[in-house]
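Okay, structure first, notes after.
The values are calculated or read from the model by the stated rules, or taken from the named source; none is laboratory data. Remember, it's a predicted structure, so these values are computed and weren't measured experimentally. For neighbour counting, all protein chains shown are included, and Cβ atoms are generated from backbone atoms with ideal geometry for every residue, glycine included.
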Amino acid sequence: MARERSRSFGVMAAAYERYRPEYPDVLVQLILEYADGPVRTALELGAGTGKATRVLARHGIAVTASDPDEAMLQQLAAAVPETTTVAAALEQLPRLGPFDLVVAAAALHWTAPDGRWDRIARLLRPGGVFANFGGAPYLADPALEEAMEDAQRPWLVDDSPAGPVESTEDGMRWPASELVGDPRFTDVRETTIEQRFEVATEDWIGYLSTVSAYLMLDEADRGAVFAAVAAALPDAVELRADLTLHLARRVGTSQIA
């Protein structure tokens, strides 16, 4: 089921590009401050339409963007034409790199757990950085969030992404809970970037149309749930869209001057 959901986005690639929020520049600034040297090259896993790709490229990083869905990569290529694209999931990537940076933006939970860190470690140069970030937006008003959940309950059981939720002794969440125990990675950190913004309810529903749980509904049920959500909400809503950033360094000495 997780694999099926991970491949469901391409049919809504244009909506994904329109409604998914952009990532802030501060995200890349934090990655660059953490790095032990210049970050010239990056591999992005599950790049989608390039929401993270474009902010990395704006900082002068040469990005190789990978995604198993060619429809998503077509949107990415139009938005960030200077980017190299590879139509493959992490598990099917050809021999690439090593890179200064490997990035997963709201995509790591779609990768296969078995061998995940073996593959990522091989893609990084010694001293290179792995960065994972994401966070699903939700309605900032708890009463409106509850109203939306009530409205969609007849059709939707679970709209949360698949993935582990365990945490470290220090309270850091997944994937830090796996990285801290892996001898190939060190200096694992977790940072939260707080974000709030207002959008029209029709744009919020546009965002929901790109979420896998809704995409897995048939067309009639999807239309019904969106109509119910629209009826339960005012014309505009405030979103909370905090990003959690996890950073880890590949053990070894950098050879970059």
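Check the range 192-205 and report whether any residue there is at pLDDT 90 or above and in contact with a Ser or Thr (Cβ under 7 Å, 6 or more places away or on another chain). Yes, the range 192-205 contains a residue that is at pLDDT 90 or above and in contact with a Ser or Thr (Cβ under 7 Å, 6 or more places away or on another chain).
Kindly indicate the residue of the range 164-186 that is in a loop (DSSP other than H, G, I, E, B) and either surrounded by 14 or more Cβ atoms within 10 Å (Cβ to Cβ) or among the basic types (Lys, Arg) (or both) and also modelled with the lowest pLDDT among those meeting that condition.
Applying the first criterion (in a loop (DSSP other than H, G, I, E, B)) to the range 164-186 yields 164-166, 168-172, 174-175, 180-184.
Now restrict to residues that are either surrounded by 14 or more Cβ atoms within 10 Å (Cβ to Cβ) or among the basic types (Lys, Arg) (or both): 168, 172, 174-175, 180, 182, 184.
On the way: Thr168: 61, Met172: 92, Trp174: 95, Pro175: 96, Val180: 95, Asp182: 96, Arg184: 97.
Among them, the one singled out is Thr168.
A single member of Ala228, Ala232, Ala241 is under 30 Å from Glu33 (Cβ atoms) and touching a residue at least 12 places away in the same chain (Cβ under 8 Å), and it is Ala241.
Considering every residue within the range 235-256, establish whether at least one is in a helix (DSSP H, G or I) and surrounded by 15 or more Cβ atoms within 10 Å (Cβ to Cβ).
Looking through the range 235-256, none of the residues is in a helix (DSSP H, G or I) and surrounded by 15 or more Cβ atoms within 10 Å (Cβ to Cβ).
Residues of the range 80-91 that are under 16 Å from Val103 (Cβ atoms) and touching an Asp or Glu at 6+ places or on another chain (Cβ under 9 Å): Thr83, Thr85, Val86, Ala88, Ala89.
Mind checking which residues of the range 174-202 are closer than 21 Å to Ala106 by Cβ and without any contact (Cβ under 8 Å) to a residue 12 or more places away in the chain? Listed by number, the list holds a single entry, Trp174. Within the range 1-42, if we keep just the residues that are modelled with pLDDT of 95 or more and of a type in the set (D, E, K, R), the residue that is nearest to the chain's Cα centre (by Cα) turns out to be Asp25.
Just for strands (runs of 3 or more DSSP E) wholly inside the range 38-143: which have at least 3 residues that are in contact with a helix residue (DSSP H, G or I) (Cβ under 7 Å, 6 or more places away or on another chain), surrounded by 18 or more Cβ atoms within 10 Å (Cβ to Cβ) and on the phi < 0 side of the Ramachandran plot?
In the range 38-143, 41-45, 99-105, 124-134 are the strands (runs of 3 or more DSSP E) which contain 3 or more residues that are in contact with a helix residue (DSSP H, G or I) (Cβ under 7 Å, 6 or more places away or on another chain), surrounded by 18 or more Cβ atoms within 10 Å (Cβ to Cβ) and on the phi < 0 side of the Ramachandran plot.
So, of the residues in the range 187-205 that are over 30 Å from Ala227 (Cβ atoms) and of a type in the set (S, T, N, Q), which turns out to be surrounded by the most Cβ atoms within 10 Å (Cβ to Cβ)? I'd like the intermediate steps shown before the answer.
So in the range 187-205, the residues over 30 Å from Ala227 (Cβ atoms) come out as 187-194.
Remaining after also requiring of a type in the set (S, T, N, Q): 191-192.
Working: Thr191: 15, Thr192: 10.
Ranking the qualifying residues of the range 187-205, first place goes to Thr191.
Every test in (1) touching a helix residue (DSSP H, G or I) at 6+ places or on another chain (Cβ under 9 Å); (2) farther than 22 Å from Glu22 by Cβ; (3) free of Cβ contacts under 8 Å to residues at least 40 places away in the same chain is passed by Ala220 save one, and that test is (1). In the range 134-145, the residues that are closer than 24 Å to Leu247 by Cα reach residues that are among the β-branched types (Val, Ile, Thr) and surrounded by 15 or more Cβ atoms within 10 Å (Cβ to Cβ) with C-beta atoms within less than 8 angstrom, at least six apart or across chains, in these pairs: Gly134/Thr244; Gly135/Thr244; Ala136/Val211. The criterion of being closer than 25 Å to Asp218 by Cα, of a type in the set (S, T, N, Q) and modelled with pLDDT under 95 holds for Ser160.
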